[in-house]
Amino acid sequence: MNPQVAQTPEGIADGEASSSEVKTYPTGKGHKGISTSRKKPSAFNTDQQQIGELKKNIRAYVRANGSQQELKLLQKALTEIEAFHADQQRRSGQPVIIHPLRVAWQICEVGLDPATVIAALLHDAVEDTPMTLGHINKKYGPWYSQIVEGVTKVKHEGENATPLRSELEATYQRMLMALAKDVRVLFIKMFDRLDNMRDMQHMPVVKRRRISQETLNVYVPMARRLGLKEICQEHTELCFQLLYPKRYKQTIKDFENLKKDRLPAIQKMREKLENGLQHGFVGFQEAEAILIHPSTKVFDPSPVDRILERFQILVKDSLSCYQTLGLLHTNFSAVPLRIRDYISNPLWNGYQGIQTELNLEGERIEIEIISKLMKESNRNGILSHWNERTSELEDYYRTYLEQLDQIADAEELRMVDVLNYAQTEQLQVFSPKGDVYALPKGATVLDFAYYIHTDLGNHCIGAMVNPSWETRNNTNLRVPRERQLFHGECLKILMDPGVRPSREWIDQTVTAKSHVQIRRAINLQNASRARRLGRDILGKELEEFGERLEEWLNKEEVQKIFSKENLNEKKFLQELGLRKRLIRPFLKKYRLVDFDKIGRLRQLMQGRPWYLFGTQHPRYLIENPEDPLLRMAVCCQPIPGDKIVAFVNREMEIEIHRHLCEIFSERRNEQAANDNMLEVEWNLEKKEEKKHTLNIQAQDGKGILLKIIKIISAADVAIENTDSHSLPGNLASIKISLEPVNWQKFHRIMEGLRPLKFITRIS
């Protein structure tokens, strides 16, 4: 199978195909690099012929590049996927098995190891067939199950069903975690998505658009990150064609028309460059015009006004690149300050070369100077650095994978984190030692500090920019931690051990790692404070029962309860401090103190009694209605100003009712002894004002809100906000927020609302 390459004029590199051709799968065995070969669909008469040819070629590749064990695993995988995918069809009408075979063949074509080829054959088995990860782990090994799991979508069905967005976030997190361990997960996912995109026209329109948009937002930028230029271009072009078909056709037409007009001028400029370089310079090889790929217009609806992206000068080696730069600037008019040296300092995605700009034929033209080795590396990205030991990658790809790991490590992965990370451009900064760090564009000094080390970030107060020994004490070089970074800067982080992260720091950072570490540090701080508060709460409570805190915590029965509840001392105290666990119910549930000797009644009795004239029973004054010792009855909802009665309930709480409450009368009759009954009285500060929110449930009807507002206005109280909506059963929910008022005015409002017959509940 010989690929049919689209022909272009000499010296012109064009990635655009004619409309009569369709993209297929490259074929040369063991070729490292991604081909743009195109093959007519009539190459195979039937699907079975294509399946047979793919199997044959895959076997030949693994036989030539793998071990006997891998060849056996390959045969097992081919047999099993044929059995498991039997009778399954794609929406195009093709057998499902053709998809994993095409993905595996593309893996062969880019020269990856046989293990990745086998994993590619199995990549859909768990998602679309009864095959399980346990089966793959047992029959093939843990590595294969890890890779397959990384590319398998997360689906929740039945009662545990979740929204599509949640499933996508879970899928991304799984893929990113697997990718951080082995980048081959992304290769399989990229070729899987590419094959699906080629058949996307058979999908329903809604699904077609959703998948295309996801590909454009996530997978295309990730491919760009790893330098997979041609995969990136084809994905983008397919998305463009599926999302905006009319604009895509018009763009292709405009490119073709402009190409006819501009090619003679471009050819003339190319010849001029070659004439200026080839005389007496042995390092020069050729000048090539690189045309703009139509896919670049997917986000740009403006008319097509240019087709030349740059001229690419191909030379012998790195030294020749610098010599060529000198010759170009000597023989042609150079644009000042437009030299970018990416040979001594490669970009974050591994790109190498020298870029400059010249004035040619009255136009400002970008020039790229690279060697043949650089060209191959820039085109195929990470695949160009793949070697026999597939676990080893270049340092700049390690940086990329570490960033992925930071996102995947987030406790709550958000879609926005994935999209922001995938789409954000990178910049490079340096440490004083000369180490290079890649961070997203817009990152701050604080992001850089957290990227180096967590402790450095937790105590960061700023940085010195481009410091030297002579300028180490120059305060003009100091910048705050929230200041944004610029490409090429050298920074020395400044620390203060007394500084601790706060929530404002999240707004001062952009990277996922920074956000995770800041939240983690704040939670630890909160946890420490919570444990101190919990210790105080527990100590005061135990003191009422004649217990000492440390002795009680070390009791055998307490430790047994901790073990039963999956608690330890720190966790228990923290939950008390955060009010996630109430101490009184816990003590009562496990009888860890003696409630018969002392309880809430005794605590009440320690208050100040007020004796009415002519009576022998004390009446207790309530000075704080929000006291946790008190429970306002739900049945009658007493508020300050109401005439009230109370008793000590079975929960050892003082339960307060309005004096005419029917429920109170029933409960009083149920009491074994009237000793539990109490006489109570409000004793509140008259000038004290508080905000109140009324939650009213009423029978829906005309004018009910107006009547309620009139009562509030009559009490001379302003309304800050209202919200209302309908409820089932011809009911309405009304929420009214009041300005701060004293208890006397609030009581006046409640007394006006309670008689209204259409109101069913007030809280």
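The values are calculated or read from the model by the stated rules, or taken from the named source; none is laboratory data. Quick caveat: nothing in here was measured; it's all calculated off a predicted structure. Every residue, glycine among them, receives a Cβ derived from its backbone with ideal geometry; neighbour counts consider all protein chains shown.
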- Are any residues in the stretch 280-336 touching a strand residue (DSSP E or B) at 6+ places or on another chain (Cβ under 9 Å) and either assigned by TED's automatic domain parsing to the domain that holds His235 or part of a helix (DSSP H, G or I) (or both), and if so, which ones? Thr296, Ser318, Ser320, Cys321, Tyr322, Gln323, Thr324, Leu325, Leu327, Leu328, His329
- What pairs come up if the first residue lies in the stretch 290-305 and is modelled with pLDDT of 85 or more, the second is among the polar types (S, T, N, Q) and part of a strand (DSSP E or B), and their beta carbons are under 9 Å apart, counting only those six or more places apart or on different chains? Ile290/Gln312
- Message: On the basis of being closer than 26 Å to Ser377 by Cα and touching a helix residue (DSSP H, G or I) at 6+ places or on another chain (Cβ under 7 Å), does Leu71 make the cut?
- Response: no
- Query: Where residues in the stretch 206-239 are over 24 Å from Leu383 (Cβ atoms) and not basic (Lys, Arg), which of them is surrounded by the most Cβ atoms within 10 Å (Cβ to Cβ)?
  - Reply: Ser212
- Return only the number of the condition from (1) of a type outside the set (Gly, Ala, Ser); (2) modelled with pLDDT under 85; (3) touching a Pro at 6+ places or on another chain (Cβ under 9 Å) that Ile518 does not satisfy. (2)
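Restricting attention to the stretch 127-145, does a residue exist that is hydrophobic (A, V, I, L, M, F, W, C), part of a helix (DSSP H, G or I), over 30 Å from Pro204 (Cβ atoms) and out of contact with any Cys (no Cβ under 9 Å at 6 or more places or on another chain)?
Initial filter on the stretch 127-145 (hydrophobic (A, V, I, L, M, F, W, C)): 131, 133, 136, 143.
Cutting the leftovers down to part of a helix (DSSP H, G or I) gives us 133, 136, 143.
Right, trim to over 30 Å from Pro204 (Cβ atoms) and you get 136, 143.
Going one step further and asking which of them are out of contact with any Cys (no Cβ under 9 Å at 6 or more places or on another chain), we end up with 136, 143.
There is at least one residue in the stretch 127-145 that is hydrophobic (A, V, I, L, M, F, W, C), part of a helix (DSSP H, G or I), over 30 Å from Pro204 (Cβ atoms) and out of contact with any Cys (no Cβ under 9 Å at 6 or more places or on another chain).
Take Glu366 and decide whether it is under 37 Å from the mean Cα position of the chain (by Cα), modelled with pLDDT of 90 or more and surrounded by fewer than 20 Cβ atoms within 10 Å (Cβ to Cβ). Walk me through how you get there before you give the answer.
Details: under 37 Å from the mean Cα position of the chain (by Cα): yes; modelled with pLDDT of 90 or more: yes; surrounded by fewer than 20 Cβ atoms within 10 Å (Cβ to Cβ): yes.
Spelling it out, Glu366 is indeed under 37 Å from the mean Cα position of the chain (by Cα), modelled with pLDDT of 90 or more and surrounded by fewer than 20 Cβ atoms within 10 Å (Cβ to Cβ).
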- Message: Within the stretch 499-513, take every residue that is outside any loop (DSSP other than H, G, I, E, B) and modelled with pLDDT under 85 and give me the one that is nearest to Gly462 (Cα to Cα).
- Response: Lys513
- Query: Does Phe255 count as surrounded by 17 or more Cβ atoms within 10 Å (Cβ to Cβ), within 25 Å of the chain's Cα centre (by Cα) and aromatic (Phe, Trp, Tyr)?
  - Reply: no
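Checking the structure you have, find out if any residue of the stretch 745-754 is in a loop (DSSP other than H, G, I, E, B), small (Gly, Ala, Ser) and not assigned by TED's automatic domain parsing to the domain that holds Cys661.
From the stretch 745-754, those in a loop (DSSP other than H, G, I, E, B) are 754; that's our starting set.
Still in the running and small (Gly, Ala, Ser): none.
The answer is no; no qualifying residue exists.
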- Looking across the stretch 258-310 at residues that are exposed (fewer than 12 other Cβ atoms within 10 Å of the Cβ) and among the polar types (S, T, N, Q), the single one that is nearest to the chain's Cα centre (by Cα) is Ser302
- Looking at the stretch 655-672, is at least one residue at pLDDT below 70, farther than 27 Å from Thr760 by Cα, over 54 Å from the mean Cα position of the chain (by Cα) and surrounded by 12 or more Cβ atoms within 10 Å (Cβ to Cβ)? yes
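Between Arg531, Arg520, which is surrounded by fewer than 17 Cβ atoms within 10 Å (Cβ to Cβ), within 27 Å of Leu576 (Cβ to Cβ) and not polar (S, T, N, Q)?
On the way: Arg531 fails: surrounded by fewer than 17 Cβ atoms within 10 Å (Cβ to Cβ).
Testing whether each residue is surrounded by fewer than 17 Cβ atoms within 10 Å (Cβ to Cβ), within 27 Å of Leu576 (Cβ to Cβ) and not polar (S, T, N, Q) leaves just Arg520.
Filter the stretch 620-648 for residues that are closer than 13 Å to Glu751 by Cβ and modelled with pLDDT of 80 or more; which is surrounded by the most Cβ atoms within 10 Å (Cβ to Cβ)?
We begin by selecting, within the stretch 620-648, every residue closer than 13 Å to Glu751 by Cβ; these are 637-643.
So of that shortlist, the ones also modelled with pLDDT of 80 or more come out as 638, 643.
Working: Pro638: 23, Lys643: 11.
Among those that are closer than 13 Å to Glu751 by Cβ and modelled with pLDDT of 80 or more, it is Pro638.
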- Note on the structure: Exactly one of Gln250, Gln233, Gln201 is of a type in the set (S, T, N, Q) and within 26 Å of the chain's Cα centre (by Cα), and that one is Gln233
